[in-house]
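Here, each number is a calculation from the coordinates, and none is a lab measurement. Because the structure is predicted, anything quoted here is derived from the model rather than measured. Cβ: placed from backbone, ideal geometry, glycine included. Neighbour counts: every protein chain shown.
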Amino acid sequence: MDAKATAAFVREPAAGSTLNVLGITHIYKAAGTETAGSFSLWESVVPPGAGTPPHTHAHEDEAFYVLSGELVIEFEGDSAPHRVAPGGFFFGARGRRHAIRNVGDKPARVLVLCAPSCGLDQMFAELDAATAAGKPEMGKVVAIAAKYGVTIEPPADPPR
């Protein structure tokens, strides 16, 4: 990680590079390359029924702030899933498994902060490329994630 970011910048509403990460749109507000690896920040647009499989980050923490819609969040060490509505927040600590799912009937919008930015931007770019040819097989997703220190758990029943 470099000592400081290269320059200040402003992102206008709806601006930023966009990725399709397994059906979830990521609109980047700040990439790790722009913050010298301090953090990444993106808006996720999660379609109804979509989400992330249970996974664990080895290198970074994630923070989720729900802008619209409703998510169910499950995380290691808590026996019950949590419903998080607009204005709600969830912290996904590195080394602790977590998963999210949109349980509403409209897309959910979530602001996601990743700190430090240790390669998730690149992982998501690889998943975007893999998604371009259709939904990739889970084995390919698991292999891509593992390169960046993210362990994806075997699929289970989706959070309710």
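Odds and ends about this structure:
- Helix 138-147 vs. the chain, principal-axis angle (Cα, 0 to 90°, nearest 10): 40 degrees
- Nearest-20 debye value, region 6-144 charge dipole, Cβ charges on Lys, Arg, Asp, Glu: 160 debye
- Considering only Leu22, Ala145, Ala115, the residue lying farthest towards the positive end of the dipole of the chain is Leu22, judged by Cα position with unit charges set on Cβ.
- Taking Cβ atoms as reference points and 12 Å as the exclusive limit, the residues near Ala143 contribute a net charge of 0, counting Lys and Arg as +1 and Asp and Glu as -1.
- Contour excess over end-to-end distance, with Cα ends at Thr18 and Arg83 and 0.36 nm allotted per residue: 20.7 nm
- Each of Ala133 and Thr151 was given a label point 7 Å from its Cα along the Cα-to-Cβ line. The distance between the two points is 2.9 nm.
- With a Cα cut-off of under 28 Å and a minimum spacing of 8 residues unless on different chains, the lysine pairs in the chain number 8.
- Length released on extending from Phe9 to Lys106, taking residue separation times 0.36 nm less the Cα-Cα span: 31.8 nm
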